[in-house]
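S.K.: Structure provided below as structure tokens; questions to follow.
The values are calculated or read from the model by the stated rules, or taken from the named source; none is laboratory data. What you are looking at is a predicted structure, and each value in this text was computed from that prediction instead of being measured. Neighbour counts run over all protein chains shown; Cβ positions are idealised from the backbone, glycine included. Please note that ligands, DNA and RNA were not included when accessible areas were found on the heavy atoms of the full protein model with its side chains. Shrake-Rupley method; radii C 1.70, N 1.55, O 1.52, S 1.80 Å.
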Amino acid sequence: MEGKGIVVPEGCQEVLLHACCAPCSSAIVEWMVQHEVRPTIFYYNPNIYPREEYDIRKNESKRHAESLGLTWIDGDYDHEQWRQDVCGLENEPERGRRCEQCFKLRLIVAAKKAQELNIPYFTTTLASSRWKNLDQINQAGLIAQEYMKSQSNLSPLTSKPSPLYWAQNWRKGGLYERRNQLLKEYAFYNQQYCGCEFSQRKVLTDNNNQ
């Protein structure tokens, strides 16, 4: 797979990959391995609703990682806390301020995990989703990067180096097409909405209006 338009940051041999689901991560992981970048897969998605949907996606992500012999980490699931964190944004449209807040919350946690593990870079499969705004995602990643830098500056003698965000359009270079191929090869569960009850509601409304 050529992956034109994808550039590995200088010196990057390991990355923490925040994964939203197995289908979205599959082609990205394949590309990384082929280009000598080892991903540690971090599944952190407290936005997903209901819990049964979360568990299905989590188990598919774990199955994929284990089939490749990759490290897979399960983040905590606390949907009630997530609801509190996006309180007041319930009626925002998809790709609006609620999504921005959700991205920031999840990528800050991903950046913290990367620092904890001494992994110098972090990135996210959210940047491959057809449902989401790439600029919002990359802005959230940079906010997470700067947040970690600010935390390191507060305690420079005790903190580990803060990780850098690998901003990348993971839809490029044929990866989206390869994603669809791998989805069939692995027989992945393929969700029909982004994750939260608000995105689910939009899909149901759109279907009812057809």
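S.K.: If the requirement is being assigned to a helix (DSSP H, G or I), touching a residue at least 40 places away in the same chain (Cβ under 8 Å) and either surrounded by fewer than 22 Cβ atoms within 10 Å (Cβ to Cβ) or touching a Leu at 6+ places or on another chain (Cβ under 9 Å) (or both), which of these qualifies: GLU52, GLU30?
M.R.: None of the others qualify; the one that does is GLU30.
S.K.: Here's a follow-up. Go through the residues of the range 139-158 one by one and say whether even a single one is of a type outside the set (S, T, N, Q) and outside any helix (DSSP H, G or I).
M.R.: Yes; the residues of the range 139-158 include at least one that is of a type outside the set (S, T, N, Q) and outside any helix (DSSP H, G or I).
S.K.: So which pairs qualify, if the first residue must be in the range 169-192 and under 12 Å from SER129 (Cα atoms), the second must be open to solvent by less than 30 Å² (accessible area, probe 1.4 Å) and acidic (Asp, Glu), the Cβ gap must be under 8 Å, and the two must be at least 6 apart or on different chains?
M.R.: Matching pairs, first to second residue: GLN191/GLU53.
S.K.: Can you list residue pairs whose Cβ atoms sit under 9 Å apart, with the first residue in the range 91-102 being open to solvent by less than 80 Å² (accessible area, probe 1.4 Å) and the second being in a loop (DSSP other than H, G, I, E, B) and of a type in the set (Lys, Arg)? Count only pairs 6 or more apart in sequence or on different chains.
M.R.: What qualifies is GLU94/LYS132; CYS99/LYS132.
S.K.: Restricting attention to the range 139-150, report how many residues are touching a residue at least 24 places away in the same chain (Cβ under 8 Å) and either open to solvent by less than 30 Å² (accessible area, probe 1.4 Å) or within 17 Å of GLU116 (Cβ to Cβ) (or both).
M.R.: Going through the range 139-150 one residue at a time, the tally reaches 6.
S.K.: Can you tell me which of (1) assigned to a helix (DSSP H, G or I); (2) charged (D, E, K, R); (3) open to solvent by 60 Å² or more (accessible area, probe 1.4 Å); (4) modelled with pLDDT of 90 or more is the one ARG171 doesn't meet?
M.R.: Tallying (1) assigned to a helix (DSSP H, G or I); (2) charged (D, E, K, R); (3) open to solvent by 60 Å² or more (accessible area, probe 1.4 Å); (4) modelled with pLDDT of 90 or more, ARG171 fails exactly one: (1).
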